[in-house]
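Visitor: Can you read through this structure? Questions will come right after.
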Amino acid sequence: MRLIAENLSGERGGEAVFDGIGFVLADGEALVVTGPNGSGKSTLLRVIAGLLPHSHGRIAFEGDSEAFPTVASACHYLGHLNAMKSALTVQENLEFWRDFAGDGQLGVSDALEEVGLGGLGHLPFGYLSTGQKRRAAIAKLLISHRPVWLLDEPTSGLDKASDARFAALMQDHCAAGGIVVAATHLPLGLQGVKTLEMGRVYV
Amino acid sequence: MLALYLRDLRMGVRAGGGALTGVLFFLAVIVTIPFGVGPDLNLLARIGPAILWIGALLASLLGLDRLFQADREDGSLDLLLLNADRHMLALTVLIKCLAHWTASVLPLVIAAPLLGLFMNMEPVGIAATALTLLVGTPAIVFIGAAGAAVTVALPRGGLLISVLVLPLVIPVLIFGVTASYGAVNDPDPFTPPFLILCALTMFLAVIGPLAAAVALRSGTD
């Protein structure tokens, strides 16, 4: 299983944000994307997920082509927004995403336990604090199986203990043969990761 | 897919879902008409089906701007797009339309017979209008979804949707009202316009979600 990007260029509103990005990630490898604000970290993740078109280059996912015919189908995307409805309870939110995304893995209450929100499933999502909301969104990664995790500032709003817990979750995912691509300013506490520095800022 | 339907339905009926806005607007329109037109009962009965249809049409356009915008604002839309290989995007849109119709437009259809009394309509006319509304209003939502998808990135897209969609729903209005009149006025037929209305709904159930899916795909940023 490999995630390959070759000579990738991304643009927003007709302006180039980055170009010539390339990497190859095999089972169990993690890539941390760093760089100053505006260097295109989030754009890169959205391009990989297929949510934005790329102007040049190629992205491919090599692996189980039956289960994951495209790159997008193999990806979990955790963006800045949590993709949860504040009017529904945490439990209802997660149950919906488990049913919709398919490939069920952990149960909802087990996933909540993993992110340290055990017993809070009955609360409306809107009642949670910023960090708790983030952790509930992280639980979404656990309830359905995807080999590739695309994480955009995954630890923003998390406290130290949750940071460490999330690092452990990413380690487990890699150890199980998964791939992690994370864009971040903060150290993620992962060992043996590749780093991609998005240096040039186009203005 | 059932999960998506249930989620959207829950969102619609819970606080802030805005399902009641349409009904209240519908009520306000129909209740003011007799005051504006005057106490001519025959005239009211004659324009009744048309007024009910226009009221329901405008009321069902009211909540359409939130159809995809709410999902876009909290990031759910990204994940719906990401899962397009598992659930065809047009099908996802269709399900969202059906949930929106059930939560926001079905109450209009249910309220229509009651409001028909304000217009001094005969029982047959009321029944025919409610039936045509039941069959015709999904078409408004389906084509409205395409408008909602085009304007999803605009913060005040509601009015623009109405302007975009109104010309396309005029045929639905015409055949809906014609069928309703056909049920009461003797020489006019009921079945042909009613069947055309059914055909329009089925046609737009395919075209609308497909167009909306294309618009959503190209509208991500």
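Visitor: Only one of these conditions is not met by residue A:87: (1) in contact with a strand residue (DSSP E or B) (Cβ under 9 Å, 6 or more places away or on another chain); (2) buried (at least 21 other Cβ atoms within 10 Å of the Cβ); (3) closer than 30 Å to residue A:127 by Cβ. Which number is it?
Guide: Failed condition: (2).
Visitor: Go through region A:87-116 residue by residue and tally those that are in a loop (DSSP other than H, G, I, E, B), more than 7 Å from chain B (Cβ to nearest Cβ), at negative phi and modelled with pLDDT under 90.
Guide: Total meeting the criteria: 3.
Visitor: Turning to a different aspect of this structure: Can you give me the number of residues within region B:11-52 that are farther than 15 Å from residue B:101 by Cβ and within 14 Å of chain A (Cβ to nearest Cβ)?
Guide: The qualifying residues number 3.
Visitor: Let me ask you something else. Of (1) of a type in the set (Ser, Thr, Tyr); (2) assigned to a loop (DSSP other than H, G, I, E, B); (3) buried (at least 19 other Cβ atoms within 10 Å of the Cβ), residue A:162 satisfies all except one. Which?
Guide: (2)
Visitor: Among the numbered conditions (1) of a type in the set (A, V, I, L, M); (2) free of Cβ contacts under 8 Å to residues at least 12 places away in the same chain; (3) assigned to a helix (DSSP H, G or I), tell me where residue A:81 comes up short.
Guide: (3)
Visitor: While we're here: Has region B:96-108 got any residue that is buried (at least 21 other Cβ atoms within 10 Å of the Cβ), more than 15 Å from the chain's Cα centre (by Cα) and either more than 14 Å from chain A (Cβ to nearest Cβ) or part of a helix (DSSP H, G or I) (or both)?
Guide: For region B:96-108, residues buried (at least 21 other Cβ atoms within 10 Å of the Cβ), more than 15 Å from the chain's Cα centre (by Cα) and either more than 14 Å from chain A (Cβ to nearest Cβ) or part of a helix (DSSP H, G or I) (or both): absent.
Listed here are the residues, each with its yes/no results for (1) in contact (Cβ under 8 Å) with a residue 12 or more places away in the chain; (2) part of a loop (DSSP other than H, G, I, E, B).
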site	(1), (2)
A:131	yes, no
A:135	yes, no
A:139	yes, no
A:155	yes, yes
A:172	no, no
A:185	yes, yes
A:190	yes, yes
A:196	yes, no
A:199	yes, yes
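Visitor: If you scan region B:176-221, which residues turn out to be within 14 Å of chain A (Cβ to nearest Cβ), of a type outside the set (Asp, Glu) and not in a helix (DSSP H, G or I)?
Guide: Matches in region B:176-221: B:219, B:220.
Visitor: Further question on the same structure: Among the listed residues A:30, A:60, A:67, identify the single one that is more than 14 Å from chain B (Cβ to nearest Cβ) and more than 30 Å from residue A:157 (Cα to Cα).
Guide: Exactly one residue qualifies, and that residue is A:60.
Visitor: For region B:53-68, name all the residues that are in a helix (DSSP H, G or I), away from every other protein chain (no Cβ under 13 Å) and not small (Gly, Ala, Ser).
Guide: Matches in region B:53-68: B:53, B:54, B:57, B:58, B:61, B:62, B:67, B:68.
Visitor: In region A:11-27, is there at least one residue being part of a loop (DSSP other than H, G, I, E, B), within 9 Å of chain B (Cβ to nearest Cβ) and surrounded by fewer than 20 Cβ atoms within 10 Å (Cβ to Cβ)?
Guide: Looking through region A:11-27, at least one residue is part of a loop (DSSP other than H, G, I, E, B), within 9 Å of chain B (Cβ to nearest Cβ) and surrounded by fewer than 20 Cβ atoms within 10 Å (Cβ to Cβ).
Visitor: Identify the residue in region B:166-221 that is buried (at least 16 other Cβ atoms within 10 Å of the Cβ) and of a type in the set (Phe, Trp, Tyr) and, among all such residues, is nearest to the chain's Cα centre (by Cα).
Guide: B:175
Visitor: I need a count of the residues in region B:69-83 that are more than 21 Å from the chain's Cα centre (by Cα) and more than 7 Å from chain A (Cβ to nearest Cβ).
Guide: Selection size over region B:69-83: 4.
Visitor: Quick one: how many residues across region A:40-57 are within 12 Å of chain B (Cβ to nearest Cβ), within 16 Å of the chain's Cα centre (by Cα) and part of a loop (DSSP other than H, G, I, E, B)?
Guide: Counting residues in region A:40-57 that are within 12 Å of chain B (Cβ to nearest Cβ), within 16 Å of the chain's Cα centre (by Cα) and part of a loop (DSSP other than H, G, I, E, B) gives 3.
Visitor: Here is a follow-up. Among A:188, A:128, A:151, which is under 20 Å from residue A:108 (Cα atoms) and out of contact with any Gly (no Cβ under 7 Å at 6 or more places or on another chain)?
Guide: Just one listed residue meets the conditions, A:128.
Visitor: Starting from residues that are over 22 Å from residue A:155 (Cβ atoms) and more than 7 Å from every other protein chain (Cβ to nearest Cβ), keep the ones in region A:70-86 and report whichever is nearest to the chain's Cα centre (by Cα).
Guide: Among those residues, the one meeting the criterion is A:74.
Visitor: I would also like to ask the following. Of the residues in region B:1-10, how many are out of contact with any Asp or Glu (no Cβ under 6 Å at 6 or more places or on another chain), over 12 Å from residue B:104 (Cβ atoms) and part of a helix (DSSP H, G or I)?
Guide: Counting residues in region B:1-10 that are out of contact with any Asp or Glu (no Cβ under 6 Å at 6 or more places or on another chain), over 12 Å from residue B:104 (Cβ atoms) and part of a helix (DSSP H, G or I) gives 6.
The values are calculated or read from the model by the stated rules, or taken from the named source; none is laboratory data. Treat the numbers as computed from the prediction; the structure is a model and nothing was measured. For neighbour counting, all protein chains shown are included, and Cβ atoms are generated from backbone atoms with ideal geometry for every residue, glycine included.
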